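The structure that follows is given in the form of structure tokens.
Quick note: the coordinates plus some simple rules give every number you see, no bench work behind them. Since the structure is predicted, the reported quantities are computational estimates derived from the model, not experimental observations. Cβ atoms come from the backbone with ideal geometry, glycine included; neighbour counts cover every protein chain shown.
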Amino acid sequence: MPNQLKLTGFEELKREFARLAPVAQSAAVSIVGRHATAARDELVRTYPSITGALRAGVVLIPRVGRGIAVVVTLRSGSDHAHFYEFGTVHARPHATFIPITGRERRAATLDVIDYIREQGLTVDRPHD
Amino acid sequence: MIDPNEVDRAVIGALAADATLAGLLPGGVFWDLAPVGSTAFVIVSLSTSRGYDELAGGITSRTFVYLVKAVAKGTSSAPTAAADARIQAILDRGTLDLAAAGCSLMIARWIDRVRYTENVTASEIWQHRGGRYEVTVTPV
């Protein structure tokens, strides 16, 4: 008789995953949205305001992700944002956007992981 | 203990020691701002940094992300393009002398690109070209 490995419960597992995905996505939308908003607010607070254009150029754009992906884009779009962030001949760089968004992105990832763990699943340490 | 200031110096030192880069941008390599009068130079600036808690709450490695850009006066982008390529050759998967920094290099790598033109006046134009580089170190 050949060796045989029989696994059962796949259908139940598939049904559980199918049930979890929309719920997890809904939670992730809330978590990512909260951190993206915090990043936007901090960016606006941190940018100097002379003409107001730098702060006015900060825009939060929710997007429809593929599948259950949750995507929010934060953009600093004023004409001189890159001069402020990366510097000019006469002004030093003021790295602002990248540190703030990086911190909030990491925090959002950890919060989503916490949520998934609360649902009883195991999540390995994420790569940065 | 990791001395971040010495990590900064190691990055600047690696760039300043390169004769090819010095030939392309003879003004030199500077932190944040170049001296008045310089017309072709390299700027190094800290973009962001973070530590990693790996063992018993102790920070075992740190990542520093540097903005490194070639800056040159003029409408031609050729000098900054050549310098950008040379900077990448030095820093991307390159080596750094971190003996004074109390750490060893885990990886130095290119992350993303920065390029823009600055019009100070209608007749004074500057080219900025470079990238952001991640330098991850661990204590020795």
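Along the Cα→Cβ direction, 7 angstrom out, place labels at B:Ala78 and A:Glu12. What is the inter-label distance in nm?
7.3
Can you give the angle from 0 to 90° between the axis of helix A:97-118 and the longest principal axis of chain A, with both taken from C-alpha atoms, to the nearest 10?
Taking Cα atoms only, the helix is inclined about 20 degrees.
A follow-up question, please. Any idea what angle helix A:10-46 forms with the longest principal axis of chain A, computed on alpha-carbon atoms, 0 to 90 degrees, nearest 10?
10
Report the residues of segment B:69-91 in range of a label on B:Thr121: point 7 Å along Cα→C-beta, backbone N strictly under 20 Å from it.
Residues B:72-76 qualify, since their backbone N sits under 20 Å from the label point.
Mind checking the full-extension length gain between A:Ile98 and A:Leu60? Use 0.36 nm per residue of separation minus the Cα-Cα distance, one decimal, nm.
Length gained, A:Ile98 through A:Leu60: 12.2 nm.
Further, regarding this structure: Assuming R0 = 30 Å, can you tell me the calculated FRET efficiency for the pair B:Arg109 and B:Thr20, based on Cβ-Cβ distance, to the nearest 0.05?
Computed FRET efficiency for B:Arg109 and B:Thr20: 0.90.
How many percent of DSSP beta bridges within segment B:4-139 run antiparallel, rounded to 5?
Around 95 percent of the beta bridges assigned by DSSP in segment B:4-139 are antiparallel ones.
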